[in-house]
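Nothing in this text is a laboratory measurement; each read-out follows from the coordinates by a stated rule. Everything quoted here is computed from the prediction, not taken from an experiment. FYI the Cβ positions are ideal-geometry reconstructions off the backbone, even for glycines, and counts take in every protein chain you see.
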């Protein structure tokens, strides 16, 4: 299944894509894709629906973030060897785990806002997991039982705030609009091979990032198992799993996002994001 949220900011409604790529209204089934509704019981309920019986939604409407109000927005740093190398870092021996503020979440085609006093805004194409059941002390071979769906995440990062302003990375990872999610929540049955998905990011028509999930240092199952040893994961929690090489920080000289830049992010089976960068007014 491909699930999404459609409508203007603050007025989105839950929807599903049918076999003809039409948007179908799910609001009579679920109020929204919030943590209390993101579970396997509701997923099974949706699977049993006759999608043709659901009201159509105009496909021209804005697509909002596919998940809102998660209790945890967890991220993984330096999870592709080539990305670690371009940042002059050693490949980690254990996952680097940090948080993004849930307040940074926006839709897959919304504007990315350069904050006041920002000098080094950067992009990171990633794949995020959305948890569907309580996960604590999970074994690696049972990790997928807890994943409701996958989506694209652009882990927007302010590098000076992240690296040079003291403390943890959260300051450079949590600004408004720093967490575009979607367009879709994609269930595992729609994904050809989770461990062989291509990721890419184009900036102003030129390829900047290319990667494949086969090159992850720590794969999806390991990450869930590892994180659940320290943090109890709950339905609706997001884990975004790291970015491949090609970020602006890794260029020589560094090349950061500017007003008017346009990004297109693509991941096999998960869709694409189209984002424009604008200055904060």
Legend entry - Cα coordinate range in segment 2-57, projected on the principal axes (Å, largest first): 28, 27, 17
Legend entry - Fraction of beta bridges assigned by DSSP in segment 73-279 that are antiparallel (%, nearest 5): 80
Inset, instruction - Pull out a ≥ b ≥ c, the square roots of the eigenvalues of the alpha-carbon gyration tensor of segment 74-133, then state rounded if a/c is under 1.5, prolate if not and a/b is larger than b/c, and oblate in the remaining case. - result: oblate
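Calculated FRET efficiency, residue 280 and residue 144, Cβ-Cβ r, R0 45 Å, to nearest 0.05? It would help to have the intermediate numbers written out before the result.
Working: r = 40 Å, r/R0 = 0.88.
The pair residue 280/residue 144 has a calculated efficiency of 0.70.
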Inset, instruction - Between residue 89 and residue 44, take the C-beta separation as r, use R0 = 35 Å, and let me know the FRET efficiency to the nearest 0.05. - result: 0.25
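For the residues 226, 146, what sequence is obtained by ranking on other C-beta atoms within 10 Å, fewest first? Before the final figure, lay out each step's value.
Values: 226 18, 146 23.
Arranged by neighbour count, lowest to highest, 226, 146 become 226, 146.
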Inset, instruction - Work out how much length residue 101 to residue 232 would gain on full extension: take 0.36 nm times their residue separation and subtract the Cα-Cα distance, in nm to one decimal. - result: 45.4 nm
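By how many nm would the segment from residue 176 to residue 36 grow when fully extended, if each residue of separation counts as 0.36 nm and the alpha-carbon distance is taken off? Write out the running numbers ahead of the final one.
Details: separation 140, 0.36 × 140 = 50.40 nm, distance 2.40 nm.
Working it through step by step, the gained length comes to 48.0 nm.
Please state, as a whole number in µm²/s, the translational diffusion coefficient that the Stokes-Einstein equation yields for the chain at 4 °C and 1.567 mPa s, with Rh defined as the Kirkwood radius across alpha carbon pairs. Spell out each step's value before the answer.
Numbers: Rh = 18.9 Å.
D = 69 µm²/s.
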Legend entry - Kirkwood estimate for segment 158-281, i.e. one over the average of 1/r between Cα atoms, Å: 16.6
Inset, instruction - With only alpha-carbon atoms counted, please give the Rg and Dmax of segment 1-131, in Å. - result: 18.0, 55
